[in-house]
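So the structure is just underneath, and the comments pick up after that.
The values are calculated or read from the model by the stated rules, or taken from the named source; none is laboratory data. Just so it is clear, the structure is predicted and the values come from calculations on it, not from any experiment. Using ideal geometry, Cβ is built from the backbone for each residue, glycine included, and neighbour counts are taken over all protein chains shown. Heads up: the accessible areas ignore ligands, DNA and RNA and are worked out on the full protein's heavy atoms, side chains in. Shrake-Rupley method; radii C 1.70, N 1.55, O 1.52, S 1.80 Å.
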Amino acid sequence: MLKIEFEEPTESRCECCGNTTIRLTRYVYKDNNAFAVYYASFTKGHPEKRLSGIIGLGEWGDDSLASEHRVAFPFQIWLKEDNFQVGLIDKEKSPWSHVTFLGKILDRESALSHKWISDVFHITDHMVVDDKEIADFFE
Ligand SMILES: [Zn+2]
């Protein structure tokens, strides 16, 4: 069972249009153990509703463990005919391509063949339902 811990969102101005960009940091627990961390960002008022996100999976328990024990999956979520679409993207296309905390960032092809990819989609399924900021954005 997954449980999400919510941080206060941060807001900034979108450089392209001046609308509000929301950034989220979330901690995901599985059976009360630290399981994943994700970041998400989206801008209200863009013509297409599209979320950028990245999920880091791996070892979180011990701070002395470096981020090489984690793997990060960058992706986007958008709507197509009322259905959520989740697409993995290459590292260089991610706004978090220089972030190391979440682990080694995978390109799309490596992500799709990774043994943890089902966990990624499990978390994105929860994001669009349990994460109120995200659910409200797509409503
Ligand atoms: Zn914009």
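Quick look at the values:
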quantity: Any chance D136 is within 18 Å of I4 (Cβ to Cβ), more than 14 Å from the chain's Cα centre (by Cα) and of a type in the set (D, E, K, R); calculated: yes
quantity: Any hit, the range 46-53, residues being more than 20 Å from E15 (Cβ to Cβ) and of a type in the set (D, E); calculated: no
quantity: Counted residues, the range 28-50 - those being exposed (fewer than 13 other Cβ atoms within 10 Å of the Cβ), in contact (Cβ under 8 Å) with a residue 12 or more places away in the chain and within 16 Å of the ligand (Cβ to nearest atom); calculated: 2
quantity: Subset of the range 76-105 that is basic (K, R) and under 15 Å from S52 (Cα atoms) - its residue that is most open to solvent (accessible area, probe 1.4 Å); calculated: K93
quantity: Hits in the range 1-27 - residues which are assigned to a strand (DSSP E or B) and either exposed (fewer than 11 other Cβ atoms within 10 Å of the Cβ) or within 9 Å of the ligand (Cβ to nearest atom) (or both); calculated: E11, R13, T21
quantity: Residue within the range 63-71 that is within 27 Å of S12 (Cβ to Cβ), surrounded by 14 or more Cβ atoms within 10 Å (Cβ to Cβ) and of a type in the set (A, V, I, L, M, F, W, C) present; calculated: no
quantity: Test for W60: is it surrounded by 15 or more Cβ atoms within 10 Å (Cβ to Cβ) and over 12 Å from the mean Cα position of the chain (by Cα); calculated: yes
